[in-house]
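Here's the structure we're looking at; comments come further down.
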Amino acid sequence: MNKLVLTVAAASLLSLTQAQELEIFSWWAGDEGPALEALIDLYEEQNPDAEVVNATVTGGAGVNARAVLKTRMLGGDPPDSFQVHAGQELIGTWVAAERMEDLSSLFEEEGWNEAFPEGLLNLISTDAGTWSVPVNVHRSNVMWFVPAKLEEWGISAPTSWDEFLEACPTLQEQGVTPLVVAEPWTQQHLWESVALAVLGPDNYDALWSGELAFDSEEATAVWETFGEVMACTNDDAAGLSWQQATDRVVSGEAAFNIMGDWAAGYLTTTLGLEPETDFSWAASPGTEGTFMLLADSFGLPVGAPDRDATMAWLRLVGSQQGQDTFNPLKGSISPRLDSDPSIYNAYSQSAYEDYTADRQVGSLAHGAVANETFMSEFANVLEGYITSGDAAQAGAAAQELATRTGVGGS
Ligand code: GAL
């Protein structure tokens, strides 16, 4: 064989190897990793020739990963598939920019238009197609606590923010942080739970459809309650991750934490704690009967380097086996209508019941109701409010942002 033939042979061997590589991009690193790692293991078992590159950018809620993704997508260097929230983070961002491939035929082939609930299908579809495959449903409006500690401090889990504000001094007098918050996105996470409680589900929805203005009296009241609640939180929030905030509830430094149910994944999978005994939960104050949801999903970006391997990944992500492998470790539930709740722990079973029975609304901090620009820049509105304490100014800033980014059809 001469040198040229050898080079050609080596090149085609190389492209064969490269063709088998699948880059999955997400923010599920470290403590957040086990569920994704289990799904990747299953993929590699089913596709022995494939090698998955588990590309993660650390940082809760994807605050860092989303920025890296934006640079890569706009620079023409998309990963094969990436974690994206169902709803406006997908539709109002990547689909609007024509960066995703339509997966309608995959949904038809796999029977997923019947396997997934209609509400969720609506979050990943437009008239022109279906744009990602949901792997889970998480609940945002959950309050976490340790029952034995509450007993020790002589309080019960508040069912309204008024009740919480009453318990606040009792806890502070005992040297306990009433509510722990962490880095800025966790405060945005708290804000949406307060907004749901203050507005109720109809007006909360109306904010995102544009029927209720952010500078209305109703929406301004959200900031007022938010301010009172924030006065009962720790003052070292900025340096904490959501896991460290959760740790404070476990150790008894703090009484409550409002966090999505990835906290259940952390408490059970990472810390090995038992739901109902070592920790417990309730709907965030004033939101009983409403399930604020978000869903992580994966799609096929235009220009994905390895289309075939990505399609095999997406088939696994949406399958019952894939979802039953991923969700019990993650703290989320499978949205598939044929999923079996008995494989879950006590927390997830209760989430499953509420998911099927409750009114559903979408999360802001996790991409369901607003596009990526709005959700990122809302952090500035929030920071402005924390500095000024001026609810009317925050309402006006939020409305300006909504108008500028086209949220609520404005
Ligand atoms: C959410 C995501 C969850 C979890 C959480 C904390 O945005 O949907 O799966 O990863 O962030 O990082």
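The values are calculated or read from the model by the stated rules, or taken from the named source; none is laboratory data. Keep in mind it's a predicted model, so treat the numbers as computed, not measured. Because the Cβ atoms are built from the backbone with ideal geometry, glycine has one as well, and the counts that use them run over all protein chains shown.
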Taking the options Arg404, Arg336, name whichever one is assigned to a helix (DSSP H, G or I) and of a type in the set (Lys, Arg). Arg404
Only one of Leu36, Leu22 is within 16 Å of the ligand (Cβ to nearest atom), outside any loop (DSSP other than H, G, I, E, B) and touching a residue at least 60 places away in the same chain (Cβ under 8 Å); which? Leu36
For the range 275-309: of the residues being more than 16 Å from the ligand (Cβ to nearest atom) and aliphatic (A, V, I, L, M), which is nearest to Ser363 (Cα to Cα)? Ala283
Among the residues of the range 310-332, count how many are hydrophobic (A, V, I, L, M, F, W, C), in contact with a helix residue (DSSP H, G or I) (Cβ under 6 Å, 6 or more places away or on another chain) and within 16 Å of the ligand (Cβ to nearest atom). 2
Confirm whether Asp340 is away from the ligand (no atom under 16 Å from the Cβ), in contact with an Asp or Glu (Cβ under 9 Å, 6 or more places away or on another chain) and either more than 17 Å from Arg139 (Cα to Cα) or among the aliphatic types (A, V, I, L, M) (or both). yes
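Yes/no matrix, rows are residues, columns are (1) more than 16 Å from the ligand (Cβ to nearest atom); (2) of a type in the set (Gly, Ala, Ser); (3) over 20 Å from the mean Cα position of the chain (by Cα); (4) assigned to a loop (DSSP other than H, G, I, E, B):
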{"position": "Phe107", "(1), (2), (3), (4)": "yes, no, yes, no"}
{"position": "Gly119", "(1), (2), (3), (4)": "yes, yes, no, no"}
{"position": "Leu123", "(1), (2), (3), (4)": "no, no, no, no"}
{"position": "Glu151", "(1), (2), (3), (4)": "yes, no, yes, no"}
{"position": "Cys168", "(1), (2), (3), (4)": "yes, no, yes, no"}
When both residues are 6+ apart or on different chains and their Cβ atoms are under 8 Å apart, which pairs have a first residue that lies in the range 70-84 and is within 16 Å of the ligand (Cβ to nearest atom), and a second that is of a type in the set (Asp, Glu)? Lys70/Glu372; Ser81/Glu23; Gln83/Asp296; Val84/Asp296
What are the residues in the range 200-224 that are buried (at least 20 other Cβ atoms within 10 Å of the Cβ) and closer than 22 Å to Glu288 by Cβ, if any? Tyr204, Leu207, Trp208, Ala219, Val222
Given (1) away from the ligand (no atom under 16 Å from the Cβ); (2) modelled with pLDDT under 95, index of the condition Asp31 fails: (1)
Being part of a strand (DSSP E or B), in contact with a Leu (Cβ under 8 Å, 6 or more places away or on another chain) and within 24 Å of Ser376 (Cβ to Cβ) narrows Val52, Val84 down to just Val84
Close pairs (7 angstrom Cβ cut-off, 6 or more residues apart or separate chains): in contact (Cβ under 8 Å) with a residue 12 or more places away in the chain in the range 236-247, of a type outside the set (Ser, Thr, Tyr) and more than 15 Å from the ligand (Cβ to nearest atom) anywhere: Ala245/Val180
Single unsatisfied condition, Trp281 versus (1) among the aromatic types (Phe, Trp, Tyr); (2) in contact with a helix residue (DSSP H, G or I) (Cβ under 6 Å, 6 or more places away or on another chain); (3) not in a helix (DSSP H, G or I): (2)
Quick one: is Leu267 within 16 Å of the ligand (Cβ to nearest atom), within 25 Å of Leu199 (Cβ to Cβ) and touching a strand residue (DSSP E or B) at 6+ places or on another chain (Cβ under 9 Å)? no
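Results for (1) over 18 Å from Ala148 (Cα atoms); (2) out of contact with any helix residue (DSSP H, G or I) (no Cβ under 7 Å at 6 or more places or on another chain); (3) of a type outside the set (A, V, I, L, M), shown as yes or no for each residue.
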site	(1), (2), (3)
Asp205	yes, yes, yes
Glu211	yes, yes, yes
Asp215	yes, no, yes
Glu218	yes, no, yes
Val222	yes, no, no
Val229	yes, no, no
Thr246	no, no, yes
Gly265	yes, no, yes
Gly272	no, yes, yes
